[in-house]
Amino acid sequence: MDSTGLEGEGVAYEVVLRFHRGGPALFGAWPKFETADRKFTQWLGTWGQADAVLTLTAVAGSVVHPVKHWTAEGGVRAGAAGSV
């Protein structure tokens, strides 16, 4: 279980990778935190570059909770929201 307190029925964990802010993105959504977290790490290792922005959020209905955020400048930040 992740630290969002949202895990359960109807929660999706979304990973978004933008190659540069406001640019093209890869997107994936999974029902399990562990799967989304593994994808976050894989995408970071494969696509993480100077201008990239990577986010992991938990979504339950209209509630969006930031779980992780990565940029080359700031590294991985837990619960950090950022502009993608």
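The values are calculated or read from the model by the stated rules, or taken from the named source; none is laboratory data. Keep in mind it's a predicted model, so treat the numbers as computed, not measured. Ideal geometry is used to build each Cβ from the backbone, glycine not excepted, and the neighbour counts take in all protein chains shown. For the accessible areas, the whole protein counts, side chains as well, though only heavy atoms, and no ligand, DNA or RNA atoms are used. Shrake-Rupley method; radii C 1.70, N 1.55, O 1.52, S 1.80 Å.
Values computed for the structure shown
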quantity	calculated
Residue count, region 13-58 (criterion: within 19 Å of Gly75 (Cα to Cα) and part of a loop (DSSP other than H, G, I, E, B))	9
Filtered residue count, region 18-65, keeping only those that are out of contact with any strand residue (DSSP E or B) (no Cβ under 8 Å at 6 or more places or on another chain) and surrounded by 14 or more Cβ atoms within 10 Å (Cβ to Cβ)	1
Output for region 18-43, where each listed residue is among the aliphatic types (A, V, I, L, M) and either at pLDDT 95 or above or in contact with a Pro (Cβ under 7 Å, 6 or more places away or on another chain) (or both)	Ala29, Ala36
Selected residue (criterion: farthest from Glu14 (Cα to Cα)) from residues of region 71-84 that are open to solvent by less than 30 Å² (accessible area, probe 1.4 Å) and assigned to a strand (DSSP E or B)	Gly75
Every pair of residues 6+ apart whose Cβ atoms lie under 6 Å, when the first sits in region 14-25 and is touching a residue at least 60 places away in the same chain (Cβ under 8 Å) while the second is open to solvent by 30 Å² or more (accessible area, probe 1.4 Å) and among the aliphatic types (A, V, I, L, M)	Val16/Ala25; Val16/Val84; Arg18/Ala25; Arg18/Val84
Single residue of region 56-77 satisfying the filter (under 15 Å from the mean Cα position of the chain (by Cα) and among the polar types (S, T, N, Q)) that is farthest from Thr46 (Cα to Cα)	Thr57
